[in-house]
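Everything below concerns the one structure shown next.
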Amino acid sequence: MLMAGAFLTLAATALLIRADIPAEELEARYSSPSSRFMHLDGARLHYRDEGQGAPIVLLHGTAASLNTWDGWTSKLSKSHRVLRLDLPGFGLTGRNATDTYSIDYYSDLLLHFLDSLGIEKAHIGGSSLGGQIAYDFAASHPERVQKLILVSPTGVTNANDKRISMPFRMAQTPLLKHSLKYITPRFIVEQSLKEVYGDDSRLHDDIITMSHDLLLREGNRQAFIARMNTIDADNLHKLGQVQAPTLILWGDADAWVPATDAKHFQQHIKGAQLKLYPGAGHIPMEELAQQTAQDALLFLSPSTAQKD
């Protein structure tokens, strides 16, 4: 009986194992004519460069990719130059050379990215982790940021909060984290995505498939574990150093980072505006793409907000 039980356990585990997908295969599948690659800070950075006008750089959250900004890009690129990155450790960029994924690393990467493209000043937008990078950068380099948009940024709620998704908890558990390098079935990704939508009927199957594929990109699972075990220096004190006009967007049904955190950002960033979206989850720029993009565009350039 013991041997039979062990065999069934091994068989079940084997069914959950997923192999890495080669980077070249995913680049062929998910890159676009606007995709660019550059070697920067130990990473082969994938980004997209679309539209013309005042530049805006968009930064995604943990375990996401630049595709989370598709809806915004289609609207904002009509009046702005939209630059969106796959942060090292995620998307088509993948693992970097040092397995360093701290806020300080990402903030420096953003500076070097702007320098490499000859952009002296840009609007910066960030979601979740990307929002934390964005406000850190805006505080450290105020001369480089025109306006700042924060979408459900992290930084206030404890990273070990029990609300975080199962893969996040597994990645922080010593006895379980290494299993994530191998055991990452599609249903785990699907469940995590349903958690970040306030209304998961808006979640499309192709988004789940793409997110799962990009997680399986060679090196990304190791990078995810490294990021989830990174202890960042507390940078909340930098909120008071942000000089750029700031818009904060938040879904009031956010299950990952509570909407009550929004008040902290609004109170500590001078003059910050706050807009809450009833029923929306952690990534309102994806769940309510048209509405949030319109609000962002109105904030960035009021004279062009109504143009289609």
Checking the structure you have, find out if any residue of segment 196-212 is in contact with a helix residue (DSSP H, G or I) (Cβ under 8 Å, 6 or more places away or on another chain) and among the acidic types (Asp, Glu).
yes
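Quickly run through segment 100-131 and pick out the residues that are part of a loop (DSSP other than H, G, I, E, B), touching a residue at least 12 places away in the same chain (Cβ under 8 Å) and more than 20 Å from residue 235 (Cβ to Cβ). Break it down stepwise before answering.
First, the residues of segment 100-131 that are part of a loop (DSSP other than H, G, I, E, B): 100-102, 117-121, 128.
From what is left, the residues that are touching a residue at least 12 places away in the same chain (Cβ under 8 Å) are 100-102, 117, 119-121, 128.
If the condition is that a residue be part of a loop (DSSP other than H, G, I, E, B), touching a residue at least 12 places away in the same chain (Cβ under 8 Å) and more than 20 Å from residue 235 (Cβ to Cβ), then 117, 119, 120, 121 are the ones that fit.
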Checked pairs for segment 60-88, first without any contact (Cβ under 8 Å) to a residue 60 or more places away in the chain, second assigned to a strand (DSSP E or B) and of a type in the set (Asp, Glu), C-beta under 6 Å and 6 or more apart or across chains, list as 66/86; 73/50; 77/50; 82/50; 83/49
Within segment 243-267, how many residues are of a type in the set (A, V, I, L, M, F, W, C), within 16 Å of residue 157 (Cα to Cα) and more than 19 Å from the chain's Cα centre (by Cα)?
0
Scan of segment 44-74 for residues that are basic (Lys, Arg) and surrounded by fewer than 21 Cβ atoms within 10 Å (Cβ to Cβ), ordered by number
44
Odd one out for residue 69 among (1) in contact with a Phe, Trp or Tyr (Cβ under 7 Å, 6 or more places away or on another chain); (2) outside any loop (DSSP other than H, G, I, E, B); (3) within 25 Å of residue 210 (Cα to Cα):
(1)
With the structure loaded, tell me whether residue 266 is at pLDDT 95 or above, assigned to a helix (DSSP H, G or I) and over 26 Å from residue 106 (Cα atoms) or whether it fails that test.
no
Here are some conditions: (1) farther than 20 Å from residue 136 by Cβ; (2) touching a strand residue (DSSP E or B) at 6+ places or on another chain (Cβ under 9 Å); (3) among the hydroxyl-bearing types (Ser, Thr, Tyr). Residue 246 meets all but one. Which one does it not meet?
(1)
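The values are calculated or read from the model by the stated rules, or taken from the named source; none is laboratory data. Remember, it's a predicted structure, so these values are computed and weren't measured experimentally. Here the Cβ is made from the backbone with ideal geometry for all residues, glycine too, and neighbour counts use every protein chain on show.
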